[in-house]
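Attaching a single structure in structure tokens format; questions to follow.
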Amino acid sequence: MTDHDIYEKVEQYVKENLKDDEFKKLSDLQDFLWSIGKMVGKSGPEVLNIYLNEKSKL
């Protein structure tokens, strides 16, 4: 999975699940980031960093 693929997965999750009440659902986002990390052999913070780096390129 490329960094851009990771970005797209997280972006889709954010759009579908955090659109109404972002701050109350941050723990759900954390769980999602950690699950992607396990799939790709990275930590949750690394996945978040990849997402933010890819988002900044747009």
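The values are calculated or read from the model by the stated rules, or taken from the named source; none is laboratory data. Small disclaimer: the values here were computed from a predicted structure and weren't measured. Note: ideal-geometry Cβ built from the backbone for every residue, glycine included; neighbour counts use all protein chains shown.
Per-residue answers, yes or no, for (1) in a helix (DSSP H, G or I); (2) surrounded by 11 or more Cβ atoms within 10 Å (Cβ to Cβ):
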site	(1), (2)
GLU16	yes, no
LYS19	no, no
PHE23	yes, no
ILE36	yes, yes
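Another question about this same structure. For the condition surrounded by 15 or more Cβ atoms within 10 Å (Cβ to Cβ), in contact (Cβ under 8 Å) with a residue 40 or more places away in the chain and not small (Gly, Ala, Ser), what is the one hit in GLU54, GLU46? Break it down stepwise before answering.
On the way: GLU46 fails: in contact (Cβ under 8 Å) with a residue 40 or more places away in the chain.
Result: GLU54 is the single residue among GLU54, GLU46 that is surrounded by 15 or more Cβ atoms within 10 Å (Cβ to Cβ), in contact (Cβ under 8 Å) with a residue 40 or more places away in the chain and not small (Gly, Ala, Ser).
Now a separate question. Can you find even one residue in segment 12-35 that is among the β-branched types (Val, Ile, Thr) and modelled with pLDDT of 95 or more?
No, the conditions are met nowhere in segment 12-35.
Another question about this same structure. For residues that are of a type in the set (D, E, K, R) and closer than 13 Å to GLU8 by Cβ, tally how many sit in segment 21-58. Lay out the reasoning, then the answer.
So the first thing to find is which residues in segment 21-58 are of a type in the set (D, E, K, R), and the list is 21-22, 24-25, 28, 31, 38, 42, 46, 54-55, 57.
The next check asks that each one be closer than 13 Å to GLU8 by Cβ; those that pass are 54-55, 57.
Total satisfying the criteria: 3.
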